[in-house]
Amino acid sequence: MYLRLKKKSGLAGLLTATALTAATLFAPSHAARAETISEALALAYSNNPTLNAARAELRAVDENVPQALAGWRPTISAAAQAGRVATETNGFDSYRNNASISLSISQALFRGFRTINSTRQAEALVRAQRESLVSTEQDTLLSAAQAYVDVIRDTALVSLQRSDLTFLREQVRAARDRFEVGEGTRTDVSQAEARVAEAQANLNTALANLNTSRAIYQQVIGTEARNLSADTTISRLVPPSLEEALRLSEENQPLIRQARHQVDAAIFSVKAIEGELLPTVSLEGSLSRSVNPSTTIRDQNNAQIFGTVSIPIYQAGSVTSRVRQAKEELGQTQLQLDVTLDQVRANVISAWGVYQAAEASITAARAAVEASQLALEGVIEEQRVGQRTTLDVLDAQRELVNQQSNLVTAQRNRIVGGYQLVSAVGKLDSTTLNLAVAQYRPTEHYEAVRDKWFGLRTPDGR
């Protein structure tokens, strides 16, 4: 997106174009239909491969729950065999065909509460993984917003460098005209030409940066950056104070909730392993039929049912070691929760400072641009009456372009800082942003697989 202005003659037109570029490129666009940042974030929400991979990871973790619930269910197996038996008795050989078929079933009645605790552990891990998915969603949306604004920033900087190059070329032309009529020197021409070469190099660098930003945009969002609009409403989601931001982060930050669920999972892991030290009670039954099991028996049917109680006495110390190990892992997750709380707090404070600094920088940069513009206009007028040199004009122009670049960067930092702050408090999600997307609902897959007793196909048919 480039700024279009009515052409003005000479330096006045160039001054106007250069002065307005930075302010206009970060202003809302109402002319042509532009892709808004919300539309870009919606595309990233639907298409980003990192986010889709995180969703697949959660679906895999969901399967831990039916695996844990399998402890309540029976196991059934069948066996069959057939063969030919040769027997030699007192010099006489005899042959007979032999076959058998059997069906057995085993049902655990008591497993030392391992099924209950393993199920609760699996459910806690699912909740933790859901929070991890929310965190990945926030990171993806933040990366998409940053990529979007970076393209706008670099587009603005390219436009600034082009305007600067046009201005400096006009200075070269004017210096040559003055030199030809004896009002200037060859030094003036050389100085202007040197600044043109410098501006061309700066333009090439700005174009390279823009190409890099466009590539990152396509990587994160999945489409090419075309006709972007700098209009953003992220400021409405920014907390009004640092204290409010810290409070919101404790309630909404998915990293904190994930750490808490991991503590719950570690608690149930300890209990599940301790259950291996308790007795196990099971009920087992079998049916079998044999044909020609011996030379004297033609057919034989067998049915049996019995209960089994298994009492562990000593397991070579492995189970008790695993209990101690699980308790140490529990302590680690509890400490990690404290680390996460401190980290989130630090992130919120840092993001708040960056956002506030960016707002102050915008005010200062705008004042600097206005002052630099007035200074450049004054230097040009003074040059016309012989009170200033060409070098003075070139220096004033360089100062103006630098301040305009600072303004563009400050505006970019404010928008990105706003998204970083909202992400730090845990509110940068598709629902809060009101993105026009089909919401991914992780509970749908969980509910579809939780009570499945059999089946190889996933809920989506694979």
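Label-to-label distance, Q67 versus N90, with points set 7 angstrom from Cα along the beta-carbon direction: 6.2 nm.
Net length available on complete extension from R457 to A79 is 133.5 nm, with 0.36 nm assigned per residue and the Cα-Cα distance removed.
Distant-in-sequence amide contacts of R388, defined by a placed amide H-H separation under 5 Å and a gap of 5 or more residues or a different chain, comprise Q383. In the context of the full set of protein chains, residues of the chain present 54 Å² of accessible surface per residue (probe radius 1.4 Å, heavy atoms only).
Can you sort R214, R457 by solvent-accessible area, 1.4 Å probe, largest first?
I get R457, R214, largest accessible area first.
For region 417-451 versus region 104-177, the spacing of their alpha-carbon centroids is 13 Å. Taking the average, over residues, of other Cβ atoms within 10 Å as the packing measure, peptides 256-265, 413-422 rank 413-422, 256-265 from highest down. In region 219-358, what percent of the accessible surface is made up of carbon and sulfur (1.4 Å probe, ligands and nucleic acids excluded)? Carbon and sulfur together cover 52 percent of it. Taking other residues whose beta carbon is less than 14 angstrom from the beta carbon of T320, and scoring Lys, Arg as +1 and Asp, Glu as -1, yields 0.
Out of the trypsin sites (Lys or Arg not before Pro) in region 268-376, which ones are loop residues according to DSSP with at most 12 other C-beta atoms within 10 Å? Don't skip to the end; give the middle numbers.
Numbers: sites: K271, R289, R298, R322, R324, K327, R345, R366; in loops: R298.
Answer by residue number: R298.
Sorting L456, L41, L341 on solvent-accessible area from highest to lowest, probe radius 1.4 Å, gives L456, L341, L41.
With all protein chains present, how much of the accessible area of region 107-171 (probe radius 1.4 Å) comes from carbon and sulfur, to the nearest whole percent? Of all accessible area on region 107-171, carbon and sulfur atoms account for 45 percent. Scanning residues 5 or more positions from N98 or on other chains, those with amide H under 5 Å from its amide H are G83, R84, V85, with H placed 1.01 Å from N in the peptide plane.
Each listed q (0.16, 0.18, 0.19 Å⁻¹) maps to a log10 I(q)/I(0) for region 83-207 from the Debye sum over equal C-alpha point scatterers, namely -0.95, -1.03, -1.06.
The chymotrypsin sites (Phe, Trp or Tyr not before Pro) of region 256-357 meeting both criteria, a DSSP state outside H, G, I, E and B (loop) and at most 15 other C-beta atoms within 10 angstrom of the site's C-beta, are Y314.
Placing unit charges on C-beta atoms (Lys and Arg positive, Asp and Glu negative, everything else neutral), compute the dipole magnitude of the chain about its Cα centre in debye, rounded to 20. Kindly include the intermediate steps, with their values, before the conclusion.
Values: 48 positive and 49 negative charges, 219 e Å.
It comes to approximately 1060 debye.
The base-10 log of I(q)/I(0) for the chain, evaluated at q = 0.07, 0.09, 0.10, 0.13 Å⁻¹, reads -0.61, -0.80, -0.90, -1.17 [Debye formula, identical scatterers on Cα atoms, solvent excluded]. Of all aspartates and glutamates in the structure, the ones whose alpha carbon falls short of 13 Å from that of K452, not counting any fewer than 8 places away in one chain, are D62, E63. Across all Cα atoms of region 270-402, the radius of gyration (one decimal) and Dmax (whole number) stand at 42.4, 132 Å. Please name which of Q300, L278, A396 has its Cα lying farthest along the dipole of the chain towards the positive end, using unit charges on Cβ (Lys, Arg +1; Asp, Glu -1) and the Cα centre as origin. Of the listed residues, the answer is Q300.
Would you mind working out the magnitude of the charge dipole of region 77-157 relative to its Cα centre, with +1 at each Lys and Arg C-beta and -1 at each Asp and Glu C-beta, to the nearest 20 Debye?
Values: 8 positive and 8 negative charges, 105 e Å.
I would put it at about 500 debye.
Each of T443, A365, T87 was scored by the projection of its Cα onto the charge dipole of the chain, and the greatest displacement toward the positive side belongs to T87; charges sit on the C-beta of Lys, Arg, Asp and Glu. About its Cα centre, region 204-251 has a charge dipole of approximately 340 debye under the convention of +1 per Lys or Arg Cβ and -1 per Asp or Glu Cβ, with nothing else charged. Taken one residue at a time, the phi angles of region 339-356 give Karplus couplings (6.51, -1.76, 1.60, θ = phi - 60°) of 4, 5, 4, 5, 5, 5, 4, 5, 5, 5, 4, 5, 5, 4, x, 4, 5, 5 Hz. Gly and Pro are set to x. Convex hull volume per residue, computed on the Cα atoms of region 66-150, equals 193 Å³.
The values are calculated or read from the model by the stated rules, or taken from the named source; none is laboratory data. Because the structure is predicted, anything quoted here is derived from the model rather than measured. We place every Cβ from the backbone using ideal geometry, glycine too, and count neighbours over all the protein chains shown. SASA here: full protein model, heavy atoms, side chains in, ligands and nucleic acids out. Shrake-Rupley method; radii C 1.70, N 1.55, O 1.52, S 1.80 Å.
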